Every structure is written in C-alpha cells, then in structure tokens.
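A.B. asks: I'd like to ask some things about the structure below.
Rule-based calculations on the coordinates, nothing more; no lab input. Please read all numbers here as calculations on a predicted model, not as lab measurements. A quick note on method: Cβ atoms are made from the backbone with ideal geometry, for glycine too, and the neighbour counts reach across all protein chains shown.
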Amino acid sequence: MADVVDECSAQSGSGMTTIPQEKMTEIDSKPGTTNHGKEDHKKALRTHLILSAARFSAEDFEGAMPHLQAAELICRQVGDKRALYHTLGHIAVVIKKRGAPDEALLIHQEEESLCRELGDDHGLAFALLDQARILCDKHKVTPGLDLYLQAEEAARRCNNNESLFLALFNTAYYLFYETRDPVRALPKCREALSLTDTLRVYRNEKSNTVNLLEEIESEIGKA
C-alpha cells in the first residue's frame, strides 16, 4: 500500500526557506515613522525568519516557534502581508505537530486568505494542500479532495511542479483508498509519476507513486 505524501515536508519541514530578498515587501509604516525605524523592523523580521528556518532544518520545531511568533507580530505591526502568510504557514505546522489540527486549520485559512488577496498562487497552493491534508486526516475526505483540486489549479497557474505533484498524488491516493474510485485516480497518479524525475525533493517518492499506480491499474483490470 502506498503512503500519503506529507505537504509539510516540502513547504515547512526540513526544506523550509525564508522569503527571498526580492520578495520582501516594502513596509507601509504609519505617518511619521522614520526610514531608520522601517529598516530596523525589516532587519528584525529577516533575522527571525532566518533563525526559524535554521530551527526547522534541525527539526527543532518548538525552538522555531518563538522566532515565528516574533515575526508574526512584526508583520502585523507593519502590514507586511507577504511575510505574514509565510510565517503563518509555518506556525500552523508547529501547531499541528503539537496535536491541535483544528487550530492549525484556522491559521492555514488565514494564510489562504492572504495569498488570495495578494494573488500569490504559489503560496495559495501550499495553504490549500495543508488544509486538505488536515481534513482528510479527520476523515473529511470530500471537502479535502475539493481543496486538493483547488491546489492543483493554483499550482498549474504558477507552473509549480512541486505543489502540483503533491496535489495530484494525494488526490489519487484518497480517490483510490477512501472513495474507491480508481478510474478518476488513474490519470492523477500517472501525471504525478511523470513529475517525480523533475523534482529533486521528491525523487524518493517515485517508488511510492509507482506502487500506487500499480494498485490502481490492478483494481481497474479486475473490473
């Protein structure tokens, strides 16, 4: 039996990344705030994001949390929505690891809202993927599959094969194992397999995808 692929390992696990310099938004401060004050906020925010990324890389998720919370506070104070959605996504991962998926889901929903407001399909895809996984883990497969479909659409819009693979594979997984619909699962799994060689981070998932595809094809062959 194939194993479901965890979205968090890509977005928020050992591969966590900070926001690229070119994507750091300019801070819209209140009237009267000095440029020096703006730079202090930006420097502090960048520092907390870098430190939290280092903690994630070491799988020290609780150690990352103080830096993430400090980054969230700065983002809200200065109105940096792009940095905020990145930060919220990683906070939600830690909250979920603490065993509070419902709380994590609410945080991912705010992350999703910010991504939609910013028109950021890359972030949107991952926010939807994380929500879908939580719902499917809670056996709410129908709404979970709907979010996986939305994530697939967002991934295609921004040409991100990483999030596209996750959406396709997990859609195929839940269609096959939970809704027992191998016919709909088949094209999703085939496309997911076609992406594995192009994604360094998911090359180890090729055998998992092959196993799922073989099971799907075998089930269809019995019909």
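A.B. asks: Within 10 Å of each residue's Cβ, count the other Cβ atoms and sort L199, L213, L168 from fewest upward.
C.D. replies: Taking fewest neighbouring Cβ atoms as first place, the list is L199, L213, L168.
A.B. asks: For H122, H108, H48, what ranking results if the residue with the fewest other Cβ atoms within 10 Å of its Cβ goes first? Please list the in-between numbers first.
C.D. replies: Working: H122 17, H108 29, H48 24.
Least crowded to most crowded, the residues run H122, H48, H108.
A.B. asks: Would you tally the net charge around C158, using a Cβ to Cβ cut-off of less than 9 Å, leaving C158 out, and scoring K and R as +1, D and E as -1?
C.D. replies: So the surrounding residues net to 0.
A.B. asks: From the cross-link list K138/K206; K97/K138; K42/K97; K188/K222, which pairs have alpha carbons spaced over 18 Å apart?
C.D. replies: K138/K206; K42/K97; K188/K222
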